[in-house]
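Just below is one structure, and these are the notes that go with it.
Each value in this text was obtained by applying a stated rule to the coordinates, not by laboratory testing. No experiment lies behind these values; they were computed from the predicted model shown. Neighbour counts run over all protein chains shown; Cβ positions are idealised from the backbone, glycine included.
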Amino acid sequence: MNPVTTKRLRDGWKSVELREVGRIVTGSTPPKAKTEYYGGSFPFVKPPELRHSPVNDAEDKLSDKGAEVADVAPVGSVLVSCIGNLGKTGRATQPVAFNQQINAIIPHEPNASKWIFYAVQTSDFASQLANVASATTIAIVNKTKFSGLRIPLAPEDEQRQIVAEIEKQFTRLEAGVAGLRRVQANLKRYRAAVLKAACEGKLVPNEACLRQAERGRQAELARQEGRTLPAPRPGVFFVYALRCDNESIYIGQTQDLQKRWQEHVTGQAADWTSQHKPVLIVHNEECSSRQEAVAREKWLKTGFGRKWLRREIAAGRARQAGYETGAQLLERILTERRQKWNGKGKYKEPEKPDTINIAELPEGWSVASVEQLCSNITSGSRDWSKFYGKGAGTFVLAQNVRPMRLDLTERQSVAAPVGDAETERTRIQLNDLLVTIVGAKTGDVCRVPTELDDHFVCQSVALLRPVVPASAKFFEIYLASAEHGQAQWKRYIYGQGRPHLSFEQLRMTAVPLPSLGEQERIVSEVERCLSVVEELEAVVNANLQRATRLRQSILQQAFSGTLI
């Protein structure tokens with residue numbers, strides 16, 4: 001049932017078909033093969049450029065020859081998208097050509113142009129479009145059906161008054177919407193700036209600088225006061241480890257730790273500490289005899305003892321904790337990667353990072369390739385089509401991978417074959433990184449934030465599994481940053497029609513590597529900043545939706561005759 005014909009109209013108004021108020025023209029596209037038709041200055045409009053606003057320009061341009069063979073809408077024509085995203089509108093304020101996805105209403109009465117323009121933006125007209133659209137994968141309203149759609153028509157004087165009131169109220173509303181759009185743009189810039197600062201070590205104090213300052217403070221306190229070290233006691237001997245300014249660990253034993261520290265500081269205790277300035281005692285133990293202390297010192301100086309000591313320091317269980325630099329972390333990751341490898345033949349060293357255009361790294365950071373940092377880089381199986389559309393599993397597609405967000409609102413079911421090697425190879429785990437490697441969204445990346453049962457990547461999505469899962473959040477931040485990971489991938493992406501990222505390009509992508517402690521602090525600050533952004537974006541989006549509803553309310557009043 002047509003909503004315009006069933007509603008009671010204001011006295012003097014009538015319901016008319018579009019063909020009664022204008023000539024209906026469906027657009028066309030001049031042959032692309034004829035290059036002489038393109039590259040001029042005549043606007044060639046497509047649906048994305050219809051934004052319920054005046055139209056006087058377009059991204060694509062036709063030559064004069066192209067305009068001669070195209071369908072051209074004169075000034076005052078109302079353009080409506082009728083294929084795909086139905087009901088987008090525009091009003092030509094200069095002659096424009098338009099493609100076959102658009103129907104134009106060329107008014108019989110030029111003064112009715114704005115009335116028609118606003119009438120086809122109402123929810124009633126949108127309902128008519130939806131009702132007559134063909135029931136196919138892509139919604140289509142042909143010229144005949146479009147011509148028969150109806151709008152209310154008021155006398156000319158009332159049209160002018162109502163249009164003037166609509167524009168008065170829309171002007172105020174659009175000023176508010178413009179302000180909200182500026183806030184949106186600023187939030188987007190702020191988000192990008194947060195990620196950029198995080199990736200360059202500028203978001204939180206650098207770990208190496210913090211450690212250096214702390215060591216200097218501790219050392220100075222120790223020199224001045226001696227209160228940070230235990231006082232000598234009868235029958236008690238100390239085994240100690242101190243860190244020198246070259247990051248080496250010196251191990252010794254003594255009965256008076258405060259005195260021995262002063263001897264090390266003044267270069268009188270040992271050749272090593274006279275050449276390498278002591279910074280801080282990082283560990284000490286009490287023993288009940290000199291013999292016990294000597295034996296303990298001897299063991300701590302063995303390879304096993306030093307490894308134990310470094311582990312205790314790193315875990316914070318020693319008197320003062322040290323930290324692992326990015327280079328040391330990378331060395332540990334490469335060792336662990338080699339140990340976990342269970343492939344065939346000889347172990348192949350991972351790809352080195354492509355460091356072209358990589359910014360200068362902060363102190364204590366290193367740089368690694370994605371392959372060096374990951375134990376597994378793969379994508380979905382090629383021959384699972386027979387398993388689609390059934391089963392309890394989920395096939396993760398490119399549309400599920402959003403920038404820094406795994407969106408599983410749309411689900412493709414799959415009955416993954418039990419016991420198949422491909423099933424295990426493509427199975428998703430907590431802290432895996434997913435990257436779209438084919439299509440318009442190539443380069444979008446997100447982390448898997450929770451445990452997911454029976455979820456598998458498709459061919460268009462790469463799965464990256466970090467050797468150290470605790471680094472996954474930082475890697476996600478870097479790879480999602482427009483000026484870092486995304487900039488690298490933009491340089492790599494190939495194929496104009498259907499963009500691609502190759503596995504070779506993924507493997508050599510460079511990622512900076514701070515210490516795990518610094519990664520954790522960076523991630524925490526990024527999450528704090530982005531949570532504020534998300535809250536503000538939610539408020540802005542709510543107000544934009546409110547503005548859309550208010551716009552429709554104004555139009556509803558206008559075309560029911562209650563606005564004035």
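Net charge in the neighbourhood of Gly439 (other residues with Cβ under 14 Å of its Cβ; Lys, Arg +1, Asp, Glu -1) is +2.
With neighbour counts taken as other beta-carbon atoms within 10 Å, the residues Ile437, Ile249 rank, fewest first, as Ile249, Ile437. Would you be so kind as to identify which of Pro512, Pro74, His484 lies farthest towards the positive end of the dipole of the chain, taking Lys and Arg as +1 and Asp and Glu as -1 on Cβ and the Cα centre as origin? Going by the charge dipole, the pick is Pro512.
Secondary structure note: in the chain, about 85% of the DSSP beta bridges are antiparallel. With the highest mean first, a sort of the peptides 68-74, 237-243, 449-455 on other beta-carbon atoms found within 10 angstrom per residue produces 237-243, 68-74, 449-455. Summary of packing: across the peptides 475-487, 281-293, the per-residue average of other C-beta atoms within 10 Å ranks them, highest first, as 475-487, 281-293.
In the chain, the longest principal axis of the Cα atoms and the axis of helix 303-314 are about 50 degrees apart. What value, in deg cm²/dmol to 500, does the helix sum -39500 (n - 2.57) over DSSP H runs of n ≥ 4 give at 222 nm once divided by the residues of the chain? Counting only the DSSP helices, I get -12500 deg cm²/dmol. Each of Thr394, Thr335 was scored by other Cβ atoms within 10 Å of its Cβ. Arranged with the fewest first, they read Thr335, Thr394. Packing around the peptides 538-544, 119-125, taken as the average count of other Cβ atoms within 10 Å per residue, puts them in this order, highest first: 119-125, 538-544. Helix 326-340 and the longest principal axis of the Cα set of the chain meet at an angle near 90°. So which GluC sites (Glu not before Pro) in region 324-370 end up in coil per DSSP with only 11 or fewer other C-beta atoms within 10 Å? When the GluC sites (Glu not before Pro) of region 324-370 are filtered for loop state and at most 11 Cβ neighbours within 10 Å, Glu360 remain. Among the chymotrypsin sites (Phe, Trp or Tyr not before Pro) in region 313-416, those located in a DSSP loop and surrounded by at most 16 other Cβ atoms within 10 Å of their own Cβ are Trp341, Tyr347. For region 323-363 versus region 382-461, the inter-centroid distance based on Cα atoms is 26 Å.
The alpha-carbon of Lys277 sits under 23 angstrom from the alpha-carbons of these lysines, leaving out residues fewer than 8 places away in its chain: Lys259, Lys298, Lys301, Lys307.
Bridging of Lys196 to aspartates and glutamates at a Cα separation below 15 Å is possible for Glu360, Glu476, Glu483, Glu525, Glu527, once same-chain residues fewer than 8 apart are set aside. Between Thr35 and Asp64, what FRET efficiency comes out of the Förster formula 1/(1 + (r/R0)^6) with R0 = 22 Å and r the beta carbon distance, rounded to 0.05? Step by step, r from the Cβ atoms, then E = 0.95. The angle separating the long axis of helix 516-558 from the principal Cα axis of greatest extent in the chain is about 10 degrees.
Shown for Leu397, Leu434: other C-beta atoms within 10 Å of each C-beta, ranked fewest to most, produce the order Leu397, Leu434. Excluding same-chain neighbours fewer than eight residues apart, the aspartates and glutamates reachable from Lys114 by a Cα-Cα span under 19 Å are Glu17, Glu20, Glu49, Asp57, Asp124, Glu156, Asp157, Glu158, Glu165, Glu167, Glu174. Roughly how many whole Å is it from the C-alpha centroid of region 31-74 to that of region 495-541? The two parts, judged by their Cα centres, are 39 Å apart.
Computed from the coordinates I sent, volume of the Cα convex hull per residue in Å³ equals one of (i) 141; (ii) 242; (iii) 233. Tell me the label. Identified label for the calculated read-out: (iii). Which pairs in the list Lys32/Lys88; Lys65/Lys441; Lys34/Lys490; Lys46/Lys441 are over 27 Å apart, alpha-carbon to alpha-carbon? Cα-Cα > 27 Å for Lys65/Lys441; Lys34/Lys490; rest within.
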